[in-house]
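One structure below.
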Amino acid sequence: MAGIAMDYIAYARRLALNGSYIKAIDLYVMALEKNPQLKSLFEPEFRAVLLKCNEVLAEEHNIEKIIANFSRAINLYPDNIFFINETGRHLFMFGFYEEAWSQFQHALTTDFGSVTAEKNLNSVKNVLIERWHFRMLNDRIRNESYRAAIHEKVMPNKTRVFDLGTGTGLLAMYAAERKPLTITACDSSPVMTTLTECVLAENRLLMSVVVINKMSTAMTASDIGKKCCLLITELFDAGLFGEHILQALDHAWENILSDDAKIIPQKAEFFIVGAHSELLNAKYQLRQVTKTFLNLHPHLHVHVATRNETYDCEDVYLYKDLKYMTEPQSVIKIDFNNLKDIKDKLYNSATGYVAKCNVLASGQVNTFIGWFNLHLTENICITTDPRDEGRANAWQQAVFFDHVPKDVKKNDTLTLDFFLRSEKLILMPEKPAEVIRISPDALQFLNDTEYLKMIKNCIGMTCVYLGQMNDISEVSIIDLNPFPLYGFLMLQRGIKSLVCYAKTHDDKEFIETVFGANHMDLSNVTILVGDVWSLESFGEEKFHVIFVNVFDLCGDLDMRFKEIAQYLKNAHLMPGGLFMPSSITLMGQIVNSKWLDVSNRVYDKNLGYTVSKYVNKYQVSQNFNLDYTHLQYTPLTNPVVIGNYDHMTPEVINVPVIKDGDANALLCWYNIELIEDFKVISTKRPYSFIDGTAFLANPPIPLVSGSIANILRCVDTDGLYKFLIDNENT
């Protein structure tokens with residue numbers, strides 16, 4: 001039997017070499033079914049052929065055959081985490097999210113320590129339900145205000161209610177408390193409508209609300225039986241109109257609502273204020289201190305590349321250095337009960353909206369912040385004003401980040417021109433200015449002046465070291481940072497050549513601009529752009545220094561650049577050469593953070609209904625893009641080393657607890673040593689070039705001061721890691 005199986009495998013190998021992958025897989029399966037003892041030995045070989053086959057099938061969008069291949073693989077290897085994960089990954093890639101969820105959950109059930117499976121499951125959950133649902137549902141001020149407004153407007157046994165963009169069905173349930181004639185709730189997301197039906201059933205209201213999975217703009221009165229007389233909605237973003245509320249209401253008035261219908265909210269007003277914050281502005285524009293560092297003209301405007309966004313969304317009240325420089329001013333008012341007003345705002349894009357803001361103090365305005373008031377009824381209003389302690393936190397504030405900073409004097413008047421186009425408020429520039437765009441990665445890297453100074457300060461030491469190997473004019477360097485500052489400074493010292501990296505073509509042009517401003521020759525500089533280059537780009541050349549940034553902007557490791565770094569270190573570093581950073585240490589601290597909690601866990605006490613058991617299924621186990629300068633938390637342990645970049649293995653780390661509390665997160669950041677025995681820099685500080693991450697405990701774990709908390713480190717074979725706060729042994 002073994003001889004026949006080996007013959008099949010030999011034939012399968014020949015077929016695979018000729019690209020006949022499907023036939024090769026058939027033979028591998030036949031061979032391994034005939035002789036199961038060979039499965040372990042030939043699993044890597046079978047896996048490689050299967051992946052090559054599926055690459056071809058993926059190009060043909062043949063998902064059925066891909067899944068069939070994985071099904072055969074899982075039948076052979078039922079507990080193989082790799083095959084289970086890959087099945088889920090391909091299902092996810094082709095949009096079969098719930099099926100992908102099932103596979104990733106299966107992988108975690110098989111091995112709870114699988115990092116890849118957990119990351120993939122988090123990705124599915126983020127796609128199915130956006131994270132803002134959690135903070136919105138936990139906003140008691142918003143919930144109670146809407147509840148009161150709905151109660152005020154619903155007439156028992158008379159009102160026909162239409163809930164536009166129902167989400168979890170909360171507003172519809174508030175309406176049901178007043179026993180209207182009918183309630184219809186719609187949402188375009190099949191996930192949300194299914195969730196709504198579960199929530200309604202849980203709260204014994206399924207027979208009270210008709211749930212329709214449809215875009216409201218695709219609906220007519222026939223979909224709901226008869227036109228409604230009350231529409232309730234929360235379809236707003238930080239800039240008020242960005243979720244296409246005007247288009248939705250224009251259609252509703254024409255097709256779904258009776259002539260005497262009412263809207264909740266009935267009116268809205270958007271406000272703007274000029275402000276100054278170095279920390280906030282650094283997210284969007286190159287800092288003046290960085291321009292000086294790079295010898296750029298102070299009036300060279302370098303801003304973050306946008307994807308047609310006219311504003312960003314931020315919790316600006318968290319920025320401790322924020323100073324309001326002007327009085328707030330109304331920009332635009334809208335009456336949602338007036339169809340003519342809606343149409344004017346929606347279709348007259350040439351109409352301008354002028355706000356004249358009086359300056360409160362001399363200084364600089366480097367950002368403009370917007371918020372809105374929602375007049376739910378004549379008597380009930382909620383605001384997102386960041387200065388108001390009683391604000392609704394369901395929505396963030398709008399940050400109009402692209403405005404060129406302006407020096408102002410007290411009692412000046414700033415005239416701001418806004419337009420409403422494609423339901424996005426646009427703040428027009430005061431006067432035309434040429435703006436250079438760079439990627440968020442390059443901008444955040446360059447605005448981390450502490451890290452830039454550290455790189456600059458190690459130049460002398462590295463030159464002394466390299467001078468012992470070669471004349472500096474013979475030195476070749478690879479610098480794969482978001483901006484090649486080290487290579488830039490070494491070129492000024494006279495090195496032979498530099499290979500560097502630009503994430504985008506905009507970044508490449510900016511690198512050339514900086515080199516040009518410093519009168520530097522680019523003939524000995526090679527710029528690798530985007531993802532189109534390969535490791536073959538380095539040929540057979542050896543380099544004296546290799547400096548690779550292995551971090552993703554979000555705070556995670558960039559696995560592609562980690563693999564690149566390892567390859568370059570092994571294959572292209574000259575004997576005795578410098579590899580930078582010399583060491584990276586992962587730090588961690590167990591904390592309790594209310595902000596992290598309400599952003600990932602719904603509490604029924606904030607809603608008055610049982611919703612959490614359905615929404616909390618979509619909780620994730622890791623949070624990225626955390627700015628520790630603003631994150632509010634209570635430390636329950638001291639910071640400790642929880643891993644080393646170069647050597648990460650599964651382990652249990654014991655940490656003394658210093659304060660009683662419910663642990664809901666392990667905050668993570670990095671300590672970086674550029675060269676051996678040089679200063680160590682932490683990424684947990686203002687302006688850091690990468691953000692922080694947190695591994696979340698679901699549910700929170702009670703800790704007692706003086707006890708020991710256990711942190712479980714799980715590591716996949718490719719180096720991906722995750723951490724768990726141990727519930728059993730804590």
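The values are calculated or read from the model by the stated rules, or taken from the named source; none is laboratory data. Because the structure is a prediction, the values reported are computed rather than measured. Here the Cβ positions follow ideal geometry from the backbone for every residue, glycine too, while neighbour counts run over all protein chains shown.
Tabulated results
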| item | result |
| --- | --- |
| Residues satisfying the stated conditions in region 641-657, i.e. under 18 Å from Ile725 (Cβ atoms) and either surrounded by fewer than 15 Cβ atoms within 10 Å (Cβ to Cβ) or out of contact with any strand residue (DSSP E or B) (no Cβ under 6 Å at 6 or more places or on another chain) (or both) | Val641, Pro650, Glu651, Val652, Asn654, Pro656 |
| Residue ID - nearest to Asn373 (Cα to Cα), chosen from residues in region 254-286 that are small (Gly, Ala, Ser) and surrounded by 18 or more Cβ atoms within 10 Å (Cβ to Cβ) | Ala268 |
| Residue that is farthest from Val124 (Cα to Cα), among those in region 46-103 that are in contact with a Lys or Arg (Cβ under 9 Å, 6 or more places away or on another chain) and not in a helix (DSSP H, G or I) | Tyr77 |
| Criterion violated by Leu206 - all others in (1) crowded, with 19+ Cβ neighbours inside 10 Å; (2) assigned to a loop (DSSP other than H, G, I, E, B) satisfied | (1) |
| Residues of region 64-108 satisfying the condition of being in contact with a helix residue (DSSP H, G or I) (Cβ under 7 Å, 6 or more places away or on another chain), hydrophobic (A, V, I, L, M, F, W, C) and farther than 18 Å from Glu43 by Cβ | Ile66, Ile67, Leu91, Phe92, Phe94, Ala100, Trp101, Phe104, Leu108 |
| Restricting region 676-699 to residues that are surrounded by fewer than 19 Cβ atoms within 10 Å (Cβ to Cβ) and more than 30 Å from Glu278 (Cα to Cα), the residue that is nearest to the chain's Cα centre (by Cα) | Asn698 |
| Listing of strands (runs of 3 or more DSSP E) fully contained in region 382-443 that carry 2 or more residues being among the aliphatic types (A, V, I, L, M), over 23 Å from Met136 (Cβ atoms) and in contact (Cβ under 8 Å) with a residue 40 or more places away in the chain | 413-421, 424-427, 435-438 |
| Count of region 366-409 residues which are over 23 Å from Pro429 (Cβ atoms), crowded, with 19+ Cβ neighbours inside 10 Å and in contact with a helix residue (DSSP H, G or I) (Cβ under 9 Å, 6 or more places away or on another chain) | 10 |
| Answer from Gly719, Gly706 - the residue that is in a loop (DSSP other than H, G, I, E, B) and in contact with a helix residue (DSSP H, G or I) (Cβ under 7 Å, 6 or more places away or on another chain) | Gly719 |
| Check on Cys500, in contact with a strand residue (DSSP E or B) (Cβ under 7 Å, 6 or more places away or on another chain), under 27 Å from Thr449 (Cβ atoms) and buried (at least 22 other Cβ atoms within 10 Å of the Cβ) | yes |
| Qualifying residues in region 130-167 (those that are in a loop (DSSP other than H, G, I, E, B) and buried (at least 18 other Cβ atoms within 10 Å of the Cβ)) - the one farthest from the chain's Cα centre (by Cα) | Thr159 |
| Cβ-Cβ under 8 Å pairs, at least 6 apart or on other chains, region 642-655 side within 12 Å of Gly588 (Cβ to Cβ) and in the same structural domain as Ala709 (by TED's automatic domain parsing), far side of a type in the set (Ser, Thr, Tyr) and surrounded by 12 or more Cβ atoms within 10 Å (Cβ to Cβ) | Gly643/Thr585; Gly643/Tyr721; Val655/Thr637 |
| Filter pass, Leu170 being closer than 29 Å to Thr384 by Cα and surrounded by 19 or more Cβ atoms within 10 Å (Cβ to Cβ) | yes |
| Those residues of region 338-356 which are closer than 15 Å to Lys424 by Cβ and among the polar types (S, T, N, Q), in sequence order | Asn348, Ser349, Thr351 |
| Some residue of region 452-469 being outside any helix (DSSP H, G or I) and touching a Ser or Thr at 6+ places or on another chain (Cβ under 6 Å) | no |
| All positions within region 457-492 that are charged (D, E, K, R) and touching a helix residue (DSSP H, G or I) at 6+ places or on another chain (Cβ under 6 Å) | Asp479 |
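Residue by residue, here is whether (1) exposed (fewer than 14 other Cβ atoms within 10 Å of the Cβ); (2) modelled with pLDDT of 90 or more holds:
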position: Ala5; (1), (2): no, no
position: Tyr8; (1), (2): no, no
position: Glu55; (1), (2): yes, yes
position: Asn62; (1), (2): no, yes
position: Ile66; (1), (2): no, yes
position: Ala73; (1), (2): no, yes
position: Leu76; (1), (2): no, yes
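Conditions tested, residue by residue: (1) closer than 23 Å to Glu450 by Cβ; (2) modelled with pLDDT under 95.
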| residue | (1), (2) |
| --- | --- |
| Lys617 | no, no |
| Leu631 | yes, no |
| Thr637 | no, no |
| Val641 | yes, no |
| Asp662 | no, no |
| Leu674 | yes, no |
| Ile690 | yes, no |
| Asn698 | no, yes |
